Amino acid sequence: MEIVLQNIGKQFKNGTRALDHVTFTIPQGEFVSVIGPSGAGKTTLFRILNGMETPGDGAVLFDGSDISSMSGTARKNVKRSIGTIYQDFCLVENSTCLANVLTACLPDMGFFPAVFGVYGKERRAEALKFLDRVGLSEKSEEPVKNLSGGQKQRAAIARALMRHPKVLLADEPAASLDPVTGRQILTLLKEIQKKDGVTILMNSHNLEFSQELSDRIIGLKDGNVVFDGTPSEMNEEI
Ligand code: ADP
Ligand code: ADP
């Protein structure tokens, strides 16, 4: 799924301009890091792509279609093809890994199956397959609160994979982790990009990791794109 941002602007009610004329295109399968100092607009951009925030100006196109003029069904399909992982994991701490991964199925389920947690054999099998893929097969029945930070992020990645995403949005996925664990998580994202052709769009303040793993770096400052190029082009500029 190609993502196009056209002249995105976002001004909050208090007058803060978080994004200004942000324009770029991300082809399917690219690993892109969005970097920039605190307050640059990274989270706002992320929330716009996530559908949690609407841009004030400009348009977001998915495979050439403007999300704001899509039908409800088309928009749902786009949302379903985007998986998200967060800095603070956003898991249900008292539930098991498996139960957390299965919550990714909730939007497809009827009300009663969802309430009673009846997921069906195939979904359980698929959830276990993804837990195995991220290296958590031993932990499927473990409550999330008993896991390390790195394991929690792996569980969150397994949950995102349940959506069979075309795009993974990763909001500072390594920021709550020590550097060694953080690198392992980003390496897992890199592997998902390579093997499954998933687009990875990651907010990051770790320039070293971003340069190592990304195909492309977009630099934001004060809501403006101040750099857009490959890691080696970035080195030449510094
Ligand atoms: P970053 O993720 O790069 O730190 P943000 O996107 O969170 O940047 O913020 C960009 C700017 O928008 C900052 O000046 C921030 O204070 C402001 N901002 C973010 N969210 C809101 C909001 N809901 N209301 C008002 N201002 C906001
Ligand atoms: P919709 O907008 O179609 O209702 P959402 O994307 O808002 O769907 O999320 C609905 C459900 O998807 C939530 O109940 C949650 O359990 C699950 N979910 C939320 N975030 C993620 C994620 N990053 N990856 C996978 N599943 C998620």
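The values are calculated or read from the model by the stated rules, or taken from the named source; none is laboratory data. Keep in mind the model is a prediction, meaning the values are calculated, not measured. Here Cβ is always computed from backbone atoms with ideal geometry, including for glycine, and neighbour counts include all displayed protein chains. Just so you know, the surface numbers come from the protein's heavy atoms only, side chains and all, with ligands and any DNA or RNA stripped out. Shrake-Rupley method; radii C 1.70, N 1.55, O 1.52, S 1.80 Å.
Listed by position, the helices (runs of 4 or more DSSP H) enclosed by the stretch 125-238 that each have at least 1 residues that are among the β-branched types (Val, Ile, Thr) and away from ligand 2 (no atom under 16 Å from the Cβ) are 179-196. When ILE67 is tested against (1) β-branched (Val, Ile, Thr); (2) in contact with a strand residue (DSSP E or B) (Cβ under 8 Å, 6 or more places away or on another chain); (3) in contact (Cβ under 8 Å) with a residue 24 or more places away in the chain, only condition (3) is not met.
Give the residue, chosen from VAL101, VAL34, VAL60, that is in contact (Cβ under 8 Å) with a residue 24 or more places away in the chain, surrounded by 14 or more Cβ atoms within 10 Å (Cβ to Cβ) and within 11 Å of ligand 1 (Cβ to nearest atom). Of the residues listed, the single one that is in contact (Cβ under 8 Å) with a residue 24 or more places away in the chain, surrounded by 14 or more Cβ atoms within 10 Å (Cβ to Cβ) and within 11 Å of ligand 1 (Cβ to nearest atom) is VAL34. When ASN206, ASN224 are screened for being within 16 Å of ligand 1 (Cβ to nearest atom) and modelled with pLDDT of 95 or more, only ASN224 passes. Tell me whether the stretch 39-54 contains one or more residues that are away from ligand 1 (no atom under 16 Å from the Cβ) and either closer than 27 Å to ASN206 by Cα or not polar (S, T, N, Q) (or both). Scanning the stretch 39-54, I find no residue that is away from ligand 1 (no atom under 16 Å from the Cβ) and either closer than 27 Å to ASN206 by Cα or not polar (S, T, N, Q) (or both), so the answer is no. Give me the residue from the stretch 214-233 that is open to solvent by less than 20 Å² (accessible area, probe 1.4 Å) and of a type in the set (A, V, I, L, M, F, W, C) and, out of that set, nearest to ASP20 (Cα to Cα). For the stretch 214-233, the residue satisfying everything is LEU220.
Taken together, ASN14, ASN7 contain a single residue that is more than 16 Å from ligand 2 (Cβ to nearest atom), farther than 20 Å from GLN193 by Cα and free of Cβ contacts under 8 Å to residues at least 24 places away in the same chain, which is ASN14.
Could you tell me whether GLY41 is at pLDDT 95 or above and either within 16 Å of ligand 2 (Cβ to nearest atom) or surrounded by 15 or more Cβ atoms within 10 Å (Cβ to Cβ) (or both)? So GLY41 passes the test.
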